[in-house]
Amino acid sequence: MQEQFTDIIQLIKHSRSKAITAVNTEMINLYWNIGQYIYNRLETAEWGKSVVKELADFLLRMEPDLKGFSDANLWRMRQFYEIYKDTPKLAPLVREINWSNNLIIFSRCKTVEEREFYLSFSKRENYSKRELERQISSSLFERTMIGNSKLAPVVREIHTDLNNTFKDSYIFDFLNLSDPYSESELKQGLIRQMKDFILELGKDFIFIDQEYKLQVGNSDFYIDLLFYHRGLQCLVAFELKADKFKPEHLGQLNFYLEALDRDVKKPHENPSIGILLCNDKDSKVVEYALNRSLSSTMVSEYKIQLPNKQLLQQKMHELLNRIS
């Protein structure tokens, strides 16, 4: 009897996977059509470049629940159509992988042959975004072509799994759903509890979002926690690392602050602040990331109103011990 029940589970999983695949195809079709529409308007000089930003603002104003239609993403759709419009051979392939992987391929690959290679490979291997980027960075295409060899057959069985095949935040944005999957349950638990702790520190912190998405060029980045501080009148980004401090952690946070100040900060607001929290068995580090253009007076004001470093260190350690 249990074997028969397992058959039902397989039917459910198969049907769900087909449903998500169908949603993905429809979403890619929509992005293609929007890209074509924008491309044609720009080519005929019916639209100027500023109209794309006006379109994004209009969509946000008229349909505030819509996600994935920022001006940056609209430009990506236009680029997507422009790149593939003259290669009908690849049109079916782009609809069989998720949008995140499509973004990586058409922004990083330079030739039709290279795009076809990674489109086919991504489809066959059900690649995650991270694995696809790793293969491109390791020059898999070039190594395969230089070796004049075919790729070895896939030795592992590929299971069509809803959690892996189209684990893409864009699909959940498209359906106006929250993404139920997380890369690390420990990290998610840490983020949620740290958010609650920050809000308990004082009424000046206003929570904006966790895993706040930043679009820079053709890439997406995610800030662990983003707040607004009423007293300082600035955005405050928190990055949480469950491992020891590395200099590149601060570099990443400063990169986020530059993007926030350029694309998110309002003209009347002060430069954004970053707070990095790292923890491992040997060290506990809390570092502030502040804009270099700030005056010494402003830096002092920031540090007075920001959470105490020792308090943050203590809470980070406590939370990690609790959820590990």
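Work out the FRET efficiency for Arg16 and Ser296 from their Cβ-Cβ distance, taking R0 = 41 Å, and round it to the nearest 0.05. That pair, Arg16 with Ser296, gives E of 0.10. Once you have the Kirkwood Rh of region 1-144 from its Cα pairs, apply Stokes-Einstein at 4 °C and 1.567 mPa s and quote D in µm²/s. After rounding, the answer is 75 µm²/s.
Could you point to the residue in Ile9, Ser120, Leu59 farthest towards the positive end of region 1-144's charge dipole, with +1 and -1 charges on the Cβ of Lys/Arg and Asp/Glu respectively? Sorting the options by dipole projection puts first Ser120. What FRET efficiency comes out for the pair Thr111/Asn29, r = Cβ-Cβ distance, R0 = 25 Å, nearest 0.05? Step by step, r from the Cβ atoms, then E = 0.50. Of the trypsin sites (Lys or Arg not before Pro) found in region 45-125, those in coil by DSSP whose Cβ has at most 13 other Cβ atoms within 10 Å are Lys49, Lys85, Lys89, Lys110.
With every protein chain kept in place and ligands, DNA and RNA left out, what is the accessible area per residue of region 1-144? Probe 1.4 Å, answer in Å².
Ligands and nucleic acids excluded, the figure is 57 Å² per residue.
For region 1-144, which whole-number percentage of the solvent-accessible area (1.4 Å probe, protein heavy atoms only) is attributable to carbon and sulfur atoms? Result for region 1-144: 54 percent of the exposed heavy-atom area is carbon or sulfur. I want the local charge near Ile38. Using Cβ-Cβ distances under 13 Å, sum +1 for each Lys or Arg and -1 for each Asp or Glu among the other residues. Around Ile38, the surrounding residues sum to +1.
The values are calculated or read from the model by the stated rules, or taken from the named source; none is laboratory data. Everything numeric here is computed off the predicted structure, so don't read it as measured data. Cβ sites come from the backbone with ideal geometry, for glycine too, and all protein chains shown count toward neighbours. Remember, those area values only see protein heavy atoms, side chains included, never the ligands or the DNA or RNA. Shrake-Rupley method; radii C 1.70, N 1.55, O 1.52, S 1.80 Å.
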